[in-house]
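K.L.:
I'd like to ask some things about the structure below.
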Amino acid sequence: SAQHAALTNGIFGHADETDDVHTPTRSHPGTSIIPATLAMAERQQVSGELVLRAVVLGYDVCTRLLYSLKQELIAKTGFHPSSKGALFGSAAAAGALLKLDARRIRHVFSYCAEQAAGLLVRTRESQHIEKAYVSGGMPAHNGIGAAQMVASGFTGVEDVFSGESNFLSVFSPEVDHAALTRGLGQEYELMRTSIKYWQVG
């Protein structure tokens, strides 16, 4: 299935730590977003142009969410910031390839908020498998799952980023709401990524 392909390739993508890094947020967008996008693209049989658009969208959603949460603050609480951003980014890319409209994408994000997980405890696992799961496979798998549920008719909260007990306020004490849209359509976060010089796994 697309979900299991994304899970497997996401884990492989981060297994030896040669994946990309978005330095400003210290996240690894590609290890989740690209496997999720490729799995959905194969399932939906879409063009290469739509694949590239979905990847760019996924990177923007992932990193802007982390800018807004101020990833360094949520890391202090014991959560792994990368897994949260990558979950929303993977879901956005999958939702785009499923041609979900704006309202349904909001519902997808609502299911992402419900699944947001990933603890820094994963650093205690000596084989590095759990980190590859949390950083790569889990967000890709769950993002596709959220998009497919909504595509099949599931409804959700209209705006999980506002109101009482919203996603942002629950995970961060100092939310920067403007970061979600600052420079949107003009500054592409994909351009702020780099590839590691050496594997560190």
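K.L.:
May I have the extent of the alpha carbons of region 1-109 along their three principal axes, as whole Å values ordered from largest to smallest?
P.N.:
Principal extents (Cα only, largest first): 41, 35, 22 Å.
K.L.:
I need the P(r) histogram for region 80-132: all alpha carbon pairs, bin width 10 Å from 0 out to the longest distance, whole percents.
P.N.:
24, 41, 24, 11, 1
K.L.:
Additional query: Report the extension gain between Glu164 and Arg192 in nm, rounded to one decimal, defined as 0.36 nm multiplied by the number of residues separating them, less their alpha carbon distance.
P.N.:
Working it through step by step, the gained length comes to 6.8 nm.
K.L.:
Still on this structure, please answer the following. For all pairs of alpha-carbon atoms in the chain, what percent lies in each bin of width 10 Å, listed from the first bin to the last filled one?
P.N.:
Going out from 0 Å in 10 Å bins, the chain shows 10, 40, 38, 11, 0 percent.
K.L.:
Spelling out what I want: for every residue of region 97-112, take phi, set θ = phi - 60°, compute 6.51 cos²θ - 1.76 cosθ + 1.60 (Karplus), and round to whole Hz; glycine and proline get x.
P.N.:
So the J values, rounded to whole Hz, are 6, 8, 6, 6, 7, 4, 5, 6, 5, 4, 5, 4, 4, 5, 5, 5.
K.L.:
Assigning unit charges at the beta carbon (Lys, Arg +1; Asp, Glu -1) and nothing else, what dipole magnitude in debye, to the nearest 20, does the chain show about its Cα centre?
P.N.:
So the magnitude is around 40 debye.
K.L.:
If you scale each eigenvalue of the Cα gyration tensor by 5 and take the root, what three semi-axes come out for region 31-84, rounded to whole angstrom and sorted largest first?
P.N.:
Each semi-axis is √(5λ); the values are 28, 11, 5 Å.
K.L.:
Normalising by the residue count of region 59-130, find the relative contact order in percent from Cα pairs under 8 Å and 6+ residues apart.
P.N.:
Once divided by the residue count of region 59-130, the mean separation gives 36 percent.
K.L.:
What whole-number value in Å² describes the accessible area per residue of the chain for a 1.4 Å probe?
P.N.:
It amounts to 49 Å² per residue over the chain.
K.L.:
Next up: In whole angstrom, note down how far apart the Cα centers of region 45-88 and region 134-201 are.
P.N.:
Each part reduced to its Cα centre gives a spacing of 4 Å.
K.L.:
Below 8 Å, C-alpha to C-alpha, sequence gap of six or more: please give me the relative contact order for region 6-158 in percent.
P.N.:
Taking the mean separation of contacting Cα pairs over the length of region 6-158, I get 34 percent.
K.L.:
Under 5 Å between amide H atoms, partner at least 5 residues away or on a different chain: which partners does Thr193 have, H built in plane at 1.01 Å?
P.N.:
none
The values are calculated or read from the model by the stated rules, or taken from the named source; none is laboratory data. Predicted model, so just to flag it, every value in this text is computed and none were measured. Every residue, glycine among them, receives a Cβ derived from its backbone with ideal geometry; neighbour counts consider all protein chains shown. For the accessible areas, the whole protein counts, side chains as well, though only heavy atoms, and no ligand, DNA or RNA atoms are used. Shrake-Rupley method; radii C 1.70, N 1.55, O 1.52, S 1.80 Å.
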